[in-house]
Amino acid sequence: MSSKIVPVIMAGGKGTRLWPLSRASAPKQFLEFLGETTLFQKTLARVADAGLYAAPIVVTNSDFRFLVAEQARAAGVALTSILLEPVARNTAPALAAAATFIARRHGDDAIMQVLASDHEIDASAIYFDCIAKAAAAAQAGRLVTFGITPSEPATGYGYIEIGEDLGNGANAVRRFVEKPNHEKATAMLAAGGYLWNSGMFMLPVGLFLRELRQYAPEVLDAAGEAVARAQHDLDFERLDEAAFSRAPDISVDYAIFEKTPIAAVVPSPITWSDLGSWDSVWKTGRQDEAGNVADGSTTVLDTRNSLVISRDIHVAVQGLDNVAVIASEDAVYVGRMEDSQNVGKLVKHLASLPKTAKLTETHPTSYRPWGGYTSVLNGERFQVKRLFVTPGKRLSLQKHHHRSEHWIVVRGTAEVTIGDRTIPLRENESVYIPQGEVHRLANPGKILLELIEVQTGSYLGEDDIIRIEDEFGRG
């Protein structure tokens with residue numbers, strides 16, 4: 001049994017509400033929005049106190065497994081495990097699997113704190129005071145959620161109506177309210193006694209499993225079997241697909257919290273945002289005297305109350321008011337700030353068109369367990385990429401049937417294997433990899449290795465990789 005709180009970080013979402021920076025393959029939790037730290041890494045930092053927390057458990061999907069592992073490594077945070085969901089089944093099955101896993105490791109008396117990986121939170125003394133209150137309520141036999149003190153009649157959040165005072169900073173939950181319209185939200189704020197539903201929880205593991213057995217036995221049975229039959233893979237636990245797929249697709253709010261009589265809420269007057277739209281990013285950013293938030297390669301002139309972000313090209317905005325202008329490497333979004341809640345509608349429209357569907361799914365920059373690459377230029381029989389390799393990492397030993405490759409080092413030192421030769425490459429040096437030749441790239445240095453790769457050949461798809469040896473377990 002552990003006396004420390006066990007953090008469970010939910011990091012499997014594929015939301016695109018912050019398009020074009022967020023894509024299905026590169027969701028917001030793993031991106032840097034305003035600053036040089038991702039939301040996931042900020043979440044890890046909030047549970048880094050070894051006196052309060054055990055090492056975190058991250059629940060994600062197979063597509064993001066190396067992103068999770070690499071960003072945790074870069075943040076200097078050791079993880080207990082990374083649970084991989086084989087299919088998306090909402091929060092109830094995910095938390096049931098996490099609770100089952102924790103019960104096996106720490107016992108039924110453990111307390112688990114559930115955190116979203118894509119929320120922006122000011123980890124102040126007030127925040128940790130709320131954590132302490134929630135932990136005390138959980139130890140007293142309650143399933144606890146955190147209710148955020150509303151600052152406006154927001155329509156993008158669910159609400160919690162608080163009930164009787166349970167002492168020590170917690171209240172009973174009277175009822176949950178679905179996302180209201182503006183009129184209803186305004187009325188609830190005027191009446192008082194309502195909080196935003198944050199989606200964060202503090203749960204006694206044994207008690208949570210008992211309530212699952214009572215109110216959602218199908219969820220518990222499927223998740224429990226998925227954990228029992230999980231396969232260990234490097235730093236990951238792959239939940240059994242056949243078992244987990246049988247779980248109902250249901251949130252923990254619907255499955256448990258709206259049914260259990262032991263739900264409690266800790267009113268939390270903290271600075272919090274789920275960053276669900278560009279206007280919420282603007283609200284959390286540091287505004288200049290004209291109310292603008294600008295980040296990246298941008299110029300803003302005679303403009304007010306606007307959000308301007310660019311990750312690649314330089315964006316200049318002049319003479320506008322209350323707009324969001326967001327530029328990634330391959331797409332630009334421009335819209336009124338009040339319309340940013342509806343970006344999802346635009347993304348669905350783009351996804352329905354053959355010419356633009358890819359823009360909603362993939363990002364020019366793709367991450368791999370060794371680093372990643374950015375697509376720079378594509379032609380009929382050639383492709384140019386920027387490769388970046390983390391210090392101490394190496395790619396698989398591989399070959400290609402349909403293409404040759406040219407590598408030019410622009411930063412760092414490379415160790416290149418070609419056939420039975422291994423040669424060092426330094427900045428401004430290059431090498432040619434013939435079609436069909438076995439090769440490998442490694443970074444033996446202490447700084448990021450960056451190369452320009454030029455591929456030429458009849459077929460340039462990522463599936464033209466024959467891996468002969470791979471330390472990451474890929475076929």
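The values are calculated or read from the model by the stated rules, or taken from the named source; none is laboratory data. The model shown is predicted, which means the values in this text are computed figures rather than measured ones. A quick note on method: Cβ atoms are made from the backbone with ideal geometry, for glycine too, and the neighbour counts reach across all protein chains shown. Accessible surface areas use protein heavy atoms only, side chains included; no ligands, DNA or RNA. Shrake-Rupley method; radii C 1.70, N 1.55, O 1.52, S 1.80 Å.
Structural remarks
- For beta carbons closer than 6 Å, sequence separation of 6+ or different chains, a first residue in segment 453-464 that is on the phi > 0 side of the Ramachandran plot and a second that is in a loop (DSSP other than H, G, I, E, B) and not aromatic (Phe, Trp, Tyr), the qualifying pairs are 457/402.
- Of all residues in segment 431-453, those satisfying the criterion of being in a strand (DSSP E or B), open to solvent by less than 80 Å² (accessible area, probe 1.4 Å) and over 28 Å from residue 65 (Cα atoms) are 431, 433.
- Subset of segment 362-395 that is of a type in the set (Ser, Thr, Tyr) and part of a strand (DSSP E or B) - its residue that is nearest to residue 455 (Cα to Cα): 375
- Condition check for residue 415: touching a strand residue (DSSP E or B) at 6+ places or on another chain (Cβ under 8 Å), at pLDDT 95 or above and not in a strand (DSSP E or B): no
- Residue list for segment 230-260, restricted to those being open to solvent by 30 Å² or more (accessible area, probe 1.4 Å) and either basic (Lys, Arg) or assigned to a helix (DSSP H, G or I) (or both): 238, 241, 242, 246, 253, 254, 259
- The listed residue being open to solvent by less than 40 Å² (accessible area, probe 1.4 Å), at positive phi and touching a helix residue (DSSP H, G or I) at 6+ places or on another chain (Cβ under 7 Å), out of 224, 169, 193: 169
- Count - residues of segment 49-80 that are out of contact with any Gly (no Cβ under 7 Å at 6 or more places or on another chain), hydroxyl-bearing (Ser, Thr, Tyr) and either crowded, with 20+ Cβ neighbours inside 10 Å or under 18 Å from residue 123 (Cα atoms) (or both): 1
- Only one of the numbered conditions (1) under 26 Å from residue 68 (Cα atoms); (2) open to solvent by 30 Å² or more (accessible area, probe 1.4 Å) is violated by residue 378, and that is (1).
- Segment 314-324 - residue that is open to solvent by less than 80 Å² (accessible area, probe 1.4 Å) and within 27 Å of the chain's Cα centre (by Cα) and, of those, nearest to residue 296 (Cα to Cα): 315
- Segment 277-309, residues that are assigned to a strand (DSSP E or B), of a type in the set (S, T, N, Q) and at pLDDT 95 or above: 298, 299
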